[in-house]
Each structure stands twice: as structure tokens, then as C-alpha cells.
Amino acid sequence: MTTTHHTDLYIAGAWRPANGTADLPVTDSFTEKTIAEYRCASHADVDAAVQAAGDAFPGWSATPLQERAAAVRRVAAALRERSEAIAQMISREVGMPAKLSARIQAGAPVAAWDMYADLATSLSWEKRIGHSLVRQAPVGVAACITPWNYPLHQITGKVAPALLAGCTVVLKPSEMAPSSAWMLAQAVALAGLPPGVFNLVHGTGPDVGEALVCHLGVDMVSFTGSTQAGQRIAELAARSTKRVALELGGKSAALVLPGADLAAAVKATLGSCFLNSGQTCSATTRLLVPRHDYERAAHLAAELLPSWRMGDPADPATRVGPLACWR
């Protein structure tokens, strides 16, 4: 398949050429061939994106909530039209089997855009406590830095609520799986969001990511990824006293208590462990059982393992696809 080259960033409501010099290759997780390239943003591009978001913030934050919610629903509709392409591309980037990717990597996050709009319009944005009035207010420009394992899911969980709250956004997706972010920018353009409300820049974490975190025009950083990167972000953001939200790595265990249905527990644990080839922050990669159940639990797991067929994620029979390729 021909490699697709993307040289533009989405800044201030328009596609503009990136001024960076490097191209980020996106690798097919199964064939290990380059399927797309995205041009890196320069620090000047980061400045332009943050400036655009800052300029758009007063108008967007003053826009009535119902209008912001309607705009988010228009984004959802535009994404829904691209859901098949999103699922296929994420499947190639990350390795999740296509039939699961359609539901989990595309269907669920697209539906979440509508869900967040419904939730936002049902919330109480201010309440009186004693003699005080507590009012929910947008923080300002939010820098959203997202991981590769559930790319659109993680983008949605940051960007949609931020927009509904009245914040403006600069998104830097993972360089390993950036294609759904690019399709989101297309959806934003079709949805007619005001210029600067949503901006997209590509690049690596140590370069473009750190430029965003350190930028004085950014009011908050939301990051999902490794503990090491999160520590670095917290350190850099502290220098300008930014608000920071970090969702970092973990090690999840399934706990089976005495008297539980052991067969059901082992089956569910394997399903959670192998979903998305284990590329899941909540994957149950440990199974803790009472000592007297150990032998039976190991036997049940060994019986179930052959049903988890590995192979090409495009093959409907595949249950475990490849791992995302690191370069």
C-alpha cells in the first residue's frame, strides 16, 4: 500500500504546512511497513497553536453551553461518517483485531462525544453552599497529550469534556498512532467549530510535547502515558504552576476469593489480559487465587489459551493481533 504523507497541522481553523523538518513514520503493526508519515511541528508551530487557542478562549468560554454541546454533537456526527476508516487505521497502527477495533476503537469513542454532550447539559454548573456560590469555570487553554494504545478513546476523553467546559485545546497525539487525531481534525473542520477552539500538532514527546508543557500560554496539561513521562511533565509544568492531570502506568491484578466461580474468573481474566494484545492500562496481567486453587486455575488457563488465535488483525478469525511497532 502507498504511504500517505501528511505535511499539514490544524491550527486556527485551517490546515497549514508544518515547519518542522522531520517526518514521523507510522508503521503497520502486522507487516511492519510504513503506512503513513506525519510532519513534525516546529516550536513556532506550537506557539501558533497555543496563540490560536488563547485567542479563541474568550469567545468559546462565553458561548452558551447548549451551543457548545451542539458543536460537539456535530463533531460526533462527522466522526461517525469516518468510523470505518478510523477503525481500520487504528487496527493497523495498534494491532487490535478489526472486528473489535470497529466497536472499541471507533464505535465507543464516537458515541462518547454524544454522551459527553448529554452529560454536560444535565450537570449543575453552579450551586450555593451556605453563603458561597460555587461555579464551575473553564480553566483556559488545555494541552492534551495522548497515548497510542486506544488513540481516539483517549483523545475523546480529554478533548470533548474540555470543549464542553469552555476550554480551548491543543492536541498532540502519540506519534505511533496519530491517524485518528488527523481524522478528528477533519471532523472538527466539518462541524464548523470556531477557529482556534481545537488545534492539532504532531511531534515527539521530548520535543513538541515538552514545548507544549512549558508554554506559558497553556493553562492545563492533561497527559496519559508512562510514569516516567508523567514525572517529567509534572516537573516541567510546576515551573509555571500549571494545572496537571496525569493518568500513568500501572500493573493490574485479578483477585479470586475463596468460593468464587474459578472457571468464570480465569476466563474473564484471560479476556482482559489479551484484549488489544495486552496493550491496555487495566489489563489483568496477574491472576491471584487461593493456594489450593492454583493447580486448577493453571489447568483452566492452559485449556483456554488455544482459543486465543494470533495473526493478522484483518483476519476475522484473529483474536490476538500484533503489538504496536516501536521505532
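Every number in this text was worked out from the coordinates using simple rules, so none of it is lab data. Everything numeric here is computed off the predicted structure, so don't read it as measured data. With ideal geometry, Cβ positions are generated from the backbone for all residues, glycine too; neighbour counts draw on all protein chains shown.
Test of understanding: in a Gaussian network model of the chain with alpha carbons linked when under 10 Å, which of Trp182, Trp308, Trp148 would top the mean-square fluctuation ranking?
Largest GNM mean-square fluctuation: Trp308.
Along the positive direction of the dipole of segment 1-117 (beta-carbon charges: Lys, Arg +1; Asp, Glu -1; about the Cα centre), which of Thr63, Gln51, Ser101 reaches farthest?
It is Ser101.
Compute the length gained on full extension between Asn19 and Glu295: take 0.36 nm times their separation in residues and subtract their Cα-Cα distance, giving the result in nm to one decimal.
Details: separation 276, 0.36 × 276 = 99.36 nm, distance 5.95 nm.
Full extension of this stretch gives 93.4 nm more.
Expected output is a single nm value to one decimal: the length gained when fully extending between Lys251 and Arg103, i.e. 0.36 nm times separation in residues minus the C-alpha distance. What is it? Walk me through the intermediate numbers first.
Details: separation 148, 0.36 × 148 = 53.28 nm, distance 2.51 nm.
That pair, Lys251 and Arg103, stretches by 50.8 nm at full extension.
In the Gaussian network model of the chain, springs joining C-alpha atoms below 10 Å, which of Glu84, Glu126, Glu32 carries the largest mean-square fluctuation?
Result: Glu126 has the largest fluctuation of those listed.
Taking the 0 to 90 degree range and rounding to the nearest ten, how far is the long axis of helix 83-94 tilted relative to the main principal axis of the chain, both from C-alpha atoms?
It works out to around 60 degrees.
Pick the calculated Cα Rg over 2.2 N^0.38 Å for this structure from [x] 0.92; [y] 1.12; [z] 1.07?
The calculated read-out lines up with [z].
Obtain the nm distance between the two label points defined at Thr204 and His5 by a simple spin-label model: each point lies 7 Å from its Cα along the Cα-to-C-beta direction.
About 2.1 nm separates the two model spin labels.
Please state the charge dipole magnitude for the chain, taken about the Cα centre, from unit charges on C-beta atoms (+1 on K and R, -1 on D and E), reported in debye and rounded to the nearest 20.
Values: 28 positive and 27 negative charges, 139 e Å.
Magnitude of the dipole: close to 660 debye.
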